[in-house]
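The numbers here are math on the coordinates, done by the rules we state, and not lab data. Bear in mind the structure is a predicted one, so any value in this text is a computation, not a measurement. When we count neighbours, we look across all protein chains shown, and the Cβ atoms used for this are built from the backbone with ideal geometry, even at glycine.
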Amino acid sequence: MQELEFITVVDRTYPWFPSAQDRDSIGIDMPNAYYDRDLGQQVLSEVLQGAQRAERLGYDGILVFEQHNTPLTLIPNALTAAAWLAGQTKGIRIVANGPVLSFYSSPVRLAEEVALVDNLSGGRLTLGLPLGIGAAWHGYAVANPVHARPRVDEAMALLNKIWTEDGPFAWEGDYYNIPYVNVWPRPRQDPVPVFVPAAGSRETIELCAKYDFTYQAILVPLPVLQKNLELFRQLRAEHGRPDDPSRIAMVLSVHVAETDAQAREEVEKYALWGTQNIFRYQFHESFPPGHASQGSLRGMMSGGYRSADVSQTTWETMTHGPLGVIAGSAETVRERLAEATGLLGAGRVILNTEYTLPMWLQEKSMTLFAQEVMPHFRAPGALASWQRQPAAAYQTEAELIGRTPRRAGVPEVVMGDQTVPLYPHVPGTR
């Protein structure tokens, strides 16, 4: 059986608002007058509890994702949350899923933030770079969505150059003209791993293949996803890259209990509440003009991402098929998980728990999954990936004695007619 890497979403929803069924879109017209500061603080505290629990239980990673104008999560800046979680955890990998390139006036600013968080975490950051749904573009009004795709393509090319080449250098493009690009600090990792949440457009698939990013498929029916991944592997091969299961991340909603019936009893109402309230976006709000090519839009509208009204989903349809909600005993979850990952050749699984589950139920499911499911997808006795290859911890001066800096220059000071090294005894330290 193929070994899998498990990353669990630790976001929590703010659920204290009236039914959203009569609203056009929860990402546009849900009044923030329903926000209670104490309850909001509780939600964010639960995010931290989930992250620390995942680390104790041996998950490979935790994920927070950025949302705007919506109570789906209270994290409008995933990198800020990642820096916070890095200071509250010891070694688990942190996926910051959500910085939207076009919401930055310059990709250089994002590159600086990524480098800082990667250093603060000791090299534990994985970056998620979605295009951003239409409602967020409307709410930010930073860039015209008609230019969404070419603007992101240029920003991604600039980011890649920042991460792979030395500065300073000049950048002259259609959307960005920067006389000198010279980011300090550089990221701890070389390179920083990147996930791209994708609804299935060809443009995103090509982007992932070109830059060796991980393709993270979301809310896509199985036949469409299989076709997309076939294209992804083909394009990777054209770029000289072999098939690599770790470059495919599946997003699955999972709940584990003692029996299948118990799992349904525990999670059904929370799952239905989410589809009826949280994922209420009309198609044109998710994909404004220019957000995807005409060909990609036709594909999505004819059976792909958000081609159906998810708010009408029943428990039976929600749990149907290999990519549906997986709720059941550990044995059931193992079987369905093996089926889904086997069909797609995925090496990573991003686990969604219902964001409104009471904390005791979330803890129960996460614990059962860690104890009775994860071991079946790892080598006997294998630890989490971050435990096998620990991130770079902060080092003291004593630990750096004798180290020769790989790239650094030698700091010197002119004193009279002499040039004196600033740190003569310990290379690379103060």
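If you run the Gaussian network model on the chain, springs between alpha carbon atoms under 10 Å, then out of Val413, Val100, Val192 the most flexible one is Val413. The lysines within cross-link reach of Lys161, meaning a Cα-to-Cα straight distance under 25 Å and a gap of 8 or more places when in the same chain, are Lys210. This model, with +1 at the C-beta of Lys and Arg and -1 at the C-beta of Asp and Glu, gives the stretch 5-388 a dipole about its Cα centre of some 480 debye. Residue exposure proxy: Ile26, Ile94, Ile248, ordered by other Cβ atoms within 10 angstrom of their Cβ from fewest to most, comes out as Ile26, Ile248, Ile94.
Positive end of the dipole of the chain (Cβ unit charges, origin at the Cα centre): among Leu337, Gly321, Ile162, the Cα lying farthest that way belongs to Ile162. For Lys90, the lysines whose Cα falls under 27 Å of its own Cα, not counting residues fewer than eight places away in the same chain, are Lys364. As a length-normalised measure over Cα pairs under 8 Å and 6 or more apart, the relative contact order of the chain settles at 19 percent. Springs join every pair of Cα atoms under 10 Å in this Gaussian network model of the chain, and among Thr275, Thr419, Thr214 the largest mean-square fluctuation is at Thr419.
Just check the stretch 158-199 against the gyration tensor rule for me: Cα atoms, a ≥ b ≥ c as the square roots of the eigenvalues, rounded for a/c under 1.5, and otherwise prolate or oblate depending on whether a/b exceeds b/c. Here the stretch 158-199 falls in the oblate category.
Against the empirical 2.2 N^0.38 Å (N residues), the stretch 113-214 has a Cα radius of gyration ratio of 1.13.
Since only Gln262, Phe232, Leu272 are under comparison, the one whose Cα sits farthest along the positive direction of the charge dipole of the stretch 204-283, derived from C-beta charges on Lys, Arg, Asp and Glu, is Phe232. In this entry, the stretch 21-108 is assigned a mean projected area of 7.7 nm², taken as a quarter of its C-alpha convex hull surface.
Please work out whether the stretch 7-166 counts as rounded, prolate or oblate from its C-alpha gyration tensor, where a ≥ b ≥ c are the square roots of the eigenvalues and a/c under 1.5 means rounded, while otherwise a/b larger than b/c means prolate and anything else oblate? It is oblate, given that a/c is not under 1.5 and a/b is not larger than b/c.
Which longest uninterrupted range of the chain lacks any GluC sites (Glu not before Pro) assigned by DSSP to a loop state (not H, G, I, E or B) and surrounded by at most 15 other Cβ atoms within 10 Å? Longest gap between qualifying sites, sites excluded: 259-430. Placing a pseudo-label 7 Å from each Cα along the Cα-to-Cβ vector at Asn177 and Ala382 gives an inter-label distance of 5.2 nm. Amide H to amide H distances under 5 Å link Thr356 with Thr13, where only residues 5 or more positions off or on other chains count and H is placed in the peptide plane.
Counting only chymotrypsin sites (Phe, Trp or Tyr not before Pro) that DSSP places in a loop and that have at most 15 other Cβ atoms within 10 Å, the longest clean stretch of the chain runs over 36-393. Springs between Cα atoms under 10 Å define the GNM used for the chain, and in it the highest mean-square fluctuation of Ala81, Ala143, Ala199 occurs at Ala143. When the square roots of the Cα gyration tensor eigenvalues are ordered a ≥ b ≥ c, the ratio a/c for the stretch 5-388 is under 1.5, which makes its shape rounded.
Helix 222-238 and the longest principal axis of the Cα set of the chain meet at an angle near 20°.
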